[in-house]
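Reviewing the structure listed below.
The values are calculated or read from the model by the stated rules, or taken from the named source; none is laboratory data. Model, not experiment: these values are computed from the prediction. Methodologically, a virtual Cβ is constructed for each residue, glycine included, from the backbone with ideal geometry; neighbour enumeration extends over all protein chains shown. Remember, those area values only see protein heavy atoms, side chains included, never the ligands or the DNA or RNA. Shrake-Rupley method; radii C 1.70, N 1.55, O 1.52, S 1.80 Å.
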Number of protein chains: 2
Amino acid sequence: MLACQSKITGDVSVQIPEETLARKLKIAGMGQAVTDRLNRLVTDIDPMLQEIPLTLEHPTLDDSVSDLDRLNRGLKKQGCDVDRLNVGIKVMRQLAEVVRRDNWNITVSVVRRKCANEILEVRPGNGQHQSLGLAIDVGTTTIVVYLIDMSDGSVLAATAGHNRQADCGDDVINRIVCAEKDGVKKLSRMALATINDLIGEALDSVDAKREAVRNVVVSGNTTMAHLLLQIEPRYLRRDPYIPTVSDFPILKAGEIGLKANPMAAVFIMPGPASYVGGDIVSGILYTGFHREDPVTLFIEIGTNGEIVLGNKEWLMTAACSAGPAFEGGGIRWGMRAEEGAIEKVTIDPQTLVPDLSMVGDAPPRGICGSGMIDLIAELLKTGIVDRSGQFATELGNDQVRKQGDEWVYVLTVADETPVNEDIVFTASDLKNLIYSKGAVYAGFTTLLGEAGMDFSMVDRIIITGGFGQYLNIEKAVAIGLLPDMDRSKFAYMGNSSIVGAYMALLSTTYRQEARDFCDSMTYIDFFSNPRYMDEFTSALFLPHTDLNAFPSAVAAASWDIQSMEAVHRFNGLGFSA
Amino acid sequence: MLACQSKITGDVSVQIPEETLARKLKIAGMGQAVTDRLNRLVTDIDPMLQEIPLTLEHPTLDDSVSDLDRLNRGLKKQGCDVDRLNVGIKVMRQLAEVVRRDNWNITVSVVRRKCANEILEVRPGNGQHQSLGLAIDVGTTTIVVYLIDMSDGSVLAATAGHNRQADCGDDVINRIVCAEKDGVKKLSRMALATINDLIGEALDSVDAKREAVRNVVVSGNTTMAHLLLQIEPRYLRRDPYIPTVSDFPILKAGEIGLKANPMAAVFIMPGPASYVGGDIVSGILYTGFHREDPVTLFIEIGTNGEIVLGNKEWLMTAACSAGPAFEGGGIRWGMRAEEGAIEKVTIDPQTLVPDLSMVGDAPPRGICGSGMIDLIAELLKTGIVDRSGQFATELGNDQVRKQGDEWVYVLTVADETPVNEDIVFTASDLKNLIYSKGAVYAGFTTLLGEAGMDFSMVDRIIITGGFGQYLNIEKAVAIGLLPDMDRSKFAYMGNSSIVGAYMALLSTTYRQEARDFCDSMTYIDFFSNPRYMDEFTSALFLPHTDLNAFPSAVAAASWDIQSMEAVHRFNGLGFSA
């Protein structure tokens, strides 16, 4: 019975289920500690939009150059390359009054571009003005905003919220479909509504005005960047998957609708491909492995898995479609890592009863990605499922039961949860998860293969993004999502996209560095890659068909190495080699 | 009795005097002959806004760079410096659709700037588009528009009209005063109304659309440029006379309101000072003496006299306030050189009866500048006035009579003119003219003095502007407006401002040349120059106090060299040394 198809015949009382209410997002580790940590990342603050205070010489009959020439002369004395300096009609129209209002004391806002700078504004007076910056991470799901004091790089406020575009679907493909149907402006407005609310919240918290915001860096995947800027996204999802723009010119906040000074300079993180975007480039910038010798595998797992392999000499990148399962999509009781999400699971091998940990220590409302990985590892370990993903149907234990047509594992019963139903994990859920982890692992092996390498030649694995936050590496290896490597080689970097945006906000060097290495990255397309299809098929087993690649998982496992018969059985479910 | 102060008590019939009706302006020498003459001036057409037809390679999975990168790659193959190429949000928003609409055949509009180029538009298809240009001379009085075929430089149409700003006064000072009172926008709209009407007329005459106009050059004096662009003009007329902008960046037609494609690139001729503007720079560009050895004195006489002295090694410039007399202002029957203006006068030495020639061979309606110069030379020659400008009061001839308080010379009687009044030249008119010619001549001698030179070192005098068109050099020397030099050294160049604009429209080299020599010109201020005041006082005599400077005038004169008594008498009328 759908609410939207009900006919109302009298007074009704509407109940909104607890689990569908949006919750306040946690921003990890804000406050002075973050300021201290981030501050050390940039030693030399150098914004796009520079505020240059000047005292100009008064004009005389013997020195009667034009106001603009006088301004240029003043800028030149400050080391500004005035031969490459443009100025617009608006500034020229106001210039005569502005320079005279405070006796030839002025402050000039100059935006620094690659090939030519531009005077964006001239204001009377040359005292100190507050100058704020924004680092914005526009995720498909979550948007994070940092408000920065550009004078010292301190983080004045941080806010986060759900991207309102979610009304048009959970993943980028649905967003693009929606933009094709309703127009890209609608999607842009949705993202802007979230972003501008978050900016307003941040500004209010320190009692600042939008006019003070004069520098902005936006980091997001290629679809998010296209939608935000109202650039046609339809060709991103059509063979051969072409973005309209990879390397964006510096824009003005006013022309894209950001709540900042309309003159504010906006740098959009460049992205090398349709499915490897500015968020990944931003993350690399933060981790810095593109400046170092060790060969690094950099991964962000979400609806898409984005993978970068390389070091200071070379960078290769690719994306694989992990599907929505890790973010709770297509999973009966799946949810994001919000309050009440089951994030850790152990199963008693005797009673098969689970022991659960929830985000925020709240009563369970569903299960998030890291919880599912824990769960699958435990289901495999305890023999509830086998390596091909089949449920053991003859255990005679009430935790494993048939619900309708499907076998399920019961995580918690109705009276222990605010959702008032049993929370279960189904055979279909498991199949979806195996698809997802297989797609990601195949991405690693394919990219390594394209580089003529294997895991033994990888010095470091960096995991980034929200998904990694609660991830248990041991369990992820046990199910074959992550490779079975020395655990000391794994590092988790959190939301690296926002930190890279912060760094680019404060430093011309970092902005240029991002553009340079983005431009030099080799993109490997998996959609058309036969190696990838082979690797994917091999990875649709727990942990993998090739157990030699998972020695520690095998050693820790209670299961026996099964015959290839099971593999073939699994393939019979619909996969083909 | 002023009409504006009359109270209307019943039906009234308003008569607009014939002489105040605006008349269709003559455009000298249009047609194929002009095209041929102008065409030879530019051999290598090179517009600001280039139209580059491209066929891009189709994207594939192996070649999946962004549309913008693909576009840049195509432009690079055509020799475009893409590292210095900017692109705006509007182009990015349309790019994906545009490149695919005609199967990756496109035409790119790139504006070429000094330090960075910009993609202004991308259109589907790469066939031939008509590309038109406009050269616009915005004079204080008259505006001239040439419509040019950018493919071959031919002049398709030429139109001219009175600057509607004239409602706010005849000279630049009155226009600035009006802008201070009513706002600069009003003055801008007035000029634009005239300009856009003229553009429309030109386009209609060849059945072309404004969208086809993609390059524009505007040449005008500094006040006209400021007013047109809505740049504050008030400091132009206040000590120390500072323009807001001398060297304008390339603008877009849409941002200044010109009737052309909104993307059209607009070059405003640079001007070195508040009273030496882009029209003069444009004129120099045409005459080309800044590229040659001979020392040239370049002069344009109007309300202000603008003077340039120099050659390929150096250029000095200055402006003097000639007042409105040469253009008919402050002269009882003064008018511009329009139909019916007396432009030539000879006086029978016996009868003192004048023989008149009128512009367009029409019945006389007034007297224009060249007519006044003729007249004064004749009045002097026939002894009707003396060298100090006094009327001979005892001639007993009816041509010289007292009218009210003033002595006048009768040019024509009421029944021989459509204005139905005697057209006369008064003692006050004469005094005004002597002021004006003195101001101009003092300008020459002062500028030469500042350069450590005298007239003997000048190889050539170029006269330009509407005033020169009907000027009789011999008569101008006779009254001391022009120096008494070998007549073969004088040349008249007509409206050099529009021709320079035409040249700049077609050639990057000429645009750059104009900016370069404008920047290197030394401006000499006369307002504060004691030498100028001395020279001015000496020039308030017919032809001059120093008759040694006017040997041919003396030789041709019927008058005797008078004593300095007369000079002192003249000074007693209100001048002081």
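Loop-located chymotrypsin sites (Phe, Trp or Tyr not before Pro) in region B:496-532 (DSSP state not H, G, I, E or B) with no more than 10 neighbouring Cβ atoms inside 10 Å do not occur. In this entry, region B:464-534 is assigned a mean projected area of 7.1 nm², taken as a quarter of its C-alpha convex hull surface. Going from the isolated chain to the complete set of protein chains, region A:48-67 loses at least 20 Å² of heavy-atom accessible area (1.4 Å probe) at A:Pro59, A:Leu61, A:Ser64, A:Ser66, A:Asp67. Taken as Cα centroids, region B:78-117 and region A:405-453 sit 46 Å apart, rounded to the nearest whole angstrom. Taking amide H as placed 1.01 Å from N in the peptide plane, B:Ala362 has its amide H under 5 Å from the amide H of B:Gly340, each at least 5 places away in sequence or on another chain. Placing unit charges on the Cβ atoms only, positive for Lys and Arg and negative for Asp and Glu, gives chain B a dipole magnitude near 1580 debye about its Cα centre. Once you reduce region A:241-273 and region B:130-165 to the center of their Cα atoms, the two points are 39 Å from each other. With 5 Å bins beginning at zero, the pair-distance distribution over Cα atoms of region A:180-243 amounts to 4, 15, 21, 20, 14, 11, 7, 5, 2, 0 %. Remark: region B:293-306, residue by residue, has Karplus-estimated 3J(HN,Hα) of 6, x, 6, 10, 10, 10, 9, 10, 10, x, 4, 10, x, 10 Hz, where x stands for each Gly or Pro and the curve is 6.51 cos²θ - 1.76 cosθ + 1.60 at θ = phi - 60°. Ranking A:Thr296, B:Thr60 by solvent-accessible area of protein heavy atoms (1.4 Å probe, all protein chains present), from largest to smallest, gives B:Thr60, A:Thr296.
The listed residues B:Ser219, A:Ser6, A:Ser488, once ranked by accessible area (1.4 Å probe) with the largest placed first, stand as A:Ser488, A:Ser6, B:Ser219.
Proximity of backbone amide H atoms, modeled 1.01 Å from N, is registered between A:Asn304 and A:Ala322 at under 5 Å, excluding neighbours fewer than 5 places apart on the same chain. Could you report the accessible area of B:Met493 in Å², rounded to 10, computed with a 1.4 Å probe on the protein chains as they sit in the structure? Estimated to the nearest 10 Å², B:Met493 gives 60 Å². Taking the Cα atoms only, what angle lies between the long axis of helix A:427-450 and the longest principal axis of chain A, rounded to 10 degrees? Taking Cα atoms only, the helix is inclined about 60 degrees.
Of the GluC sites (Glu not before Pro) in region B:399-432, the ones in a loop by DSSP (not H, G, I, E or B) with at most 15 other beta carbons within 10 Å are B:Glu421. Residues whose amide H comes within less than 5 Å of that of A:Asn86, counting only those at least five positions distant or on another chain, are A:Asn117, A:Glu118, A:Ile119 (H built at 1.01 Å from N in the peptide plane). For chain A, what's the relative contact order in percent, using C-alpha pairs closer than 8 Å and at least 6 residues apart? It rounds to 13 percent for chain A. To test your reading of the geometry: what angle, between 0 and 90 degrees and rounded to tens, separates the Cα axis of helix B:89-101 from the longest principal axis of chain B? Roughly 60 degrees between the two axes.
The rotation axis that maps chain A onto chain B passes nearest to the beta carbon of this chain A residue, listed with its distance in whole angstrom: A:Ala116, 2. Across the identical copies, the 7 Å label point of A:Val413, projected outward along Cα→Cβ, sits 13.2 nm from its counterparts, in ascending order. A probe of 1.4 angstrom, applied to the heavy atoms of all protein chains, finds A:Trp407 with accessible area near 70 square angstrom.
Evaluate the relative contact order of region B:122-262 (contact order divided by residue number), counting alpha-carbon pairs under 8 angstrom at least 6 apart; express in whole percent.
Reported as a whole number, the value is 26 percent.
Residue by residue, region B:158-173 carries 3J(HN,Hα) couplings of 9, 9, 8, x, 6, 4, 5, 4, 4, 4, 9, x, 7, 10, 4, 5 Hz when phi is fed to the Karplus relation 6.51 cos²θ - 1.76 cosθ + 1.60 (θ = phi - 60°); x denotes Gly or Pro.
When the residues A:Lys7, B:Lys76 are ordered by accessible surface, computed with a 1.4 Å probe over the protein chains alone, the sequence from largest down reads A:Lys7, B:Lys76.
Between the residues A:Gly183, A:Thr446, B:Ser131, the greatest Cα displacement towards the positive end of the dipole of the protein assembly as shown, with unit charges on the Cβ of Lys, Arg, Asp and Glu, is found for A:Gly183. Note on B:Thr509 and B:Ser205: with the Förster distance fixed at 45 Å, the Cβ-Cβ geometry gives a FRET efficiency of about 0.90.
Computed from backbone phi, the HN-Hα couplings of region B:307-323 come to 10, 10, 10, x, 8, 5, 8, 7, 9, 10, 9, 7, 10, 10, 8, 7, x Hz, rounded to whole numbers (Karplus: 6.51 cos²θ - 1.76 cosθ + 1.60, θ = phi - 60°; Gly and Pro given as x).
When only the Cβ of Lys, Arg, Asp and Glu is charged (+1, +1, -1, -1), the dipole of region B:63-161 relative to its Cα centre reaches about 280 debye. Residues of region B:218-242 that lose at least 30 Å² of accessible area (1.4 Å probe, protein heavy atoms only) when the other protein chains are present, relative to their chain alone, are B:Gln230, B:Ile231, B:Glu232, B:Tyr235, B:Pro240, B:Ile242.
In Å, the Kirkwood hydrodynamic radius of chain B over pairs of distinct alpha carbons?
After inverting the mean inverse Cα-Cα distance, the result is 25.9 Å.
Taking every protein chain into account, the accessible area of chain B amounts to 40 square angstrom per residue (probe 1.4 Å).
Please report how far the C-alpha centroid of region B:308-339 lies from that of region A:504-539, rounded to the nearest whole angstrom. Region B:308-339 and region A:504-539 have Cα centres spaced 68 Å from each other. Between chain A and chain B, roughly 4000 Å² of accessible surface gets buried, counting both sides and using a 1.4 Å probe.
Could you check how much of the accessible area of the protein assembly as shown is carbon and sulfur, as a whole percent, using a 1.4 Å probe?
Carbon and sulfur atoms account for 47 percent of the accessible area of the protein assembly as shown.
Between the residues B:Val345, B:Tyr502, B:Gly288, the greatest Cα displacement towards the positive end of the dipole of chain B, with unit charges on the Cβ of Lys, Arg, Asp and Glu, is found for B:Tyr502. For region B:106-132, a drop of 10 Å² or more in accessible area on going from the chain alone to the assembled protein chains (1.4 Å probe) is found at B:Arg113, B:Lys114, B:Cys115, B:Ala116. Magnitude of the charge dipole for the protein assembly as shown, about its Cα centre and with charges confined to Cβ atoms of Lys, Arg (+1) and Asp, Glu (-1), is about 540 debye. By a 1.4 Å probe calculation restricted to protein chains, B:Thr223 has an accessible surface near 0 Å², given to the nearest 10. Seen against the Cα atoms of chain A and their longest principal axis, helix A:67-77 is set at about 70 degrees.
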